[in-house]
Amino acid sequence: MASKDADPSLGYLTRKDTEVKLPRPTRVKNKTPAPIQITAEQILREARERQEAEIRPPKQKITDPTELADYRLRKRKEFEDLIRRVRWNQSVWIKYAQWEESQKDFNRARSVWERALEVDYRNHTLWLKYAEVEMKNKFINHARNVWDRAVTLLPRVDQLWYKYIHMEEMLGNVAGARQIFERWMSWMPDQQGWLSYIKFELRYNEVERARAIYERFVQCHPKVGAWIRYAKFEMKNGEIVRARNVYERAVEKLADEEDAEQLFVAFAEFEERCKETERARCIYKFALDHIPKGSAEDLYRKFVAFEKQYGDKEGIEDAIVGKRRFQYEDEVRKNPLNYDAWFDYIRLEESVGNKGRIREVYERAIANVPPAEEKRYWQRYIYLWINYALYEELDAGDMERTRDVY
């Protein structure tokens, strides 16, 4: 008969039966410090000393061919089982192939590499390791075959091309390396690939070939940096006329690009080095007329420095006026309703005395009509008209224009 305290939810056991009996905490009677103190370091050292030695399998000594065959069979079975489980794991394949290589069984090693590539041929690390194994064991034609297939299947992986070319160059096969470069260039790689090809040709003093590659390079990458590199290459070889021609072609093609400022500065500095100061001055002036004011700070600075070095008094003043003109342009671009900036700008142009420019600035200034009908806005604005009329009447002496302004 069940006890009256028994609980059906606990399988008819009593609450007392199911209680967890925890050991009672022992009370510390003596709280004074022990005579010998133990450090944490000591505890750790004792724990390490009491650890049992790690159990390692005994070293196996292989004494005859039968044992060696058994060992190899066992290892192969282990690798094959592992591959069956984690076929996608490339490190398993690499270990397997490298183990076969360590056994000097190159045909089996090749077979493992080929099977790995069937699983994931897009993994360029497999190709690199495979080719390195062939090269390390001096199977040059096998290595060539691997590189050839790798660059055919993965032509956008630059590392494969570099390694393939490096191998051919180390073997002294310059014509073969050149052929590989040509195959690579047909894929139009990035700038670094082209520059490597040029450096390769220059290592063998093939200046004409390097020049031909530069021509193709600037067609493939028509950027300012590429043209400047080409011109510097010609300058280094003492071909001043060719270098100038390169700069002129670059200006024709890239005068409207964002980074054209860099090109003009390089061109002007080139002419400066050639002692052609008039040419350099013309380039600076042409650039300042063509490049938007907002992106020509460096150009202005260089031009002022150039005029201070080579120019006469008039040239220096002209450069400084140009710099101030650039500052005013910047101010009125940021805030077209800043009439004080317009007055300063007009005063600057009047001091230079170019009628066309003065009129242009006046016209641009009066085009900025105040946005609200408040007297303080119009008070400044109306003076632009009055000054314009006075300029036409007193300075320019053009009564018809004065009448038009009024």
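Tell me which residues, restricted to the stretch 112-132, are in contact with a Phe, Trp or Tyr (Cβ under 9 Å, 6 or more places away or on another chain), assigned to a helix (DSSP H, G or I) and either open to solvent by 20 Å² or more (accessible area, probe 1.4 Å) or more than 15 Å from residue 96 (Cβ to Cβ) (or both).
114, 115, 119, 127, 129, 131
What tally of residues in the stretch 94-145 results from selecting those that are under 17 Å from residue 168 (Cα atoms) and of a type in the set (Val, Ile, Thr)?
So the count comes out to 2.
Looking at the stretch 153-212, which of the residues that are free of Cβ contacts under 8 Å to residues at least 12 places away in the same chain and aliphatic (A, V, I, L, M) is surrounded by the most Cβ atoms within 10 Å (Cβ to Cβ)?
Looking at the filtered set, the residue picked out is 202.
Within the set of pairs 6 or more residues apart or between chains, which connect a residue that is among the basic types (Lys, Arg) inside the stretch 90-112 to a residue that is buried (at least 16 other Cβ atoms within 10 Å of the Cβ) and part of a helix (DSSP H, G or I) with Cβ atoms less than 8 Å apart?
95/79; 108/100; 110/142
When you scan the stretch 282-309, how many residues do you find that are in contact with a helix residue (DSSP H, G or I) (Cβ under 7 Å, 6 or more places away or on another chain), surrounded by 14 or more Cβ atoms within 10 Å (Cβ to Cβ) and in a helix (DSSP H, G or I)?
12
Based on this model, can you work out whether residue 267 counts as open to solvent by less than 10 Å² (accessible area, probe 1.4 Å) and either of a type outside the set (Asp, Glu) or not in a loop (DSSP other than H, G, I, E, B) (or both)?
Answer is no for this residue.
Step by step: first the residues of the stretch 79-91, then only those that are assigned to a helix (DSSP H, G or I) and open to solvent by 100 Å² or more (accessible area, probe 1.4 Å), then the one that is nearest to residue 113 (Cα to Cα). Which residue is that?
My answer is 84.
Which one of these does residue 114 not meet: (1) more than 33 Å from the chain's Cα centre (by Cα); (2) farther than 22 Å from residue 79 by Cβ?
(2)
Determine whether residue 52 is of a type outside the set (Ser, Thr, Tyr), open to solvent by 100 Å² or more (accessible area, probe 1.4 Å) and free of Cβ contacts under 8 Å to residues at least 24 places away in the same chain.
Yes.
The values are calculated or read from the model by the stated rules, or taken from the named source; none is laboratory data. Just so it is clear, the structure is predicted and the values come from calculations on it, not from any experiment. Neighbour counts are summed over all protein chains in view; Cβ atoms, including those assigned to glycine, are modelled from backbone coordinates with ideal geometry. Just so you know, the surface numbers come from the protein's heavy atoms only, side chains and all, with ligands and any DNA or RNA stripped out. Shrake-Rupley method; radii C 1.70, N 1.55, O 1.52, S 1.80 Å.
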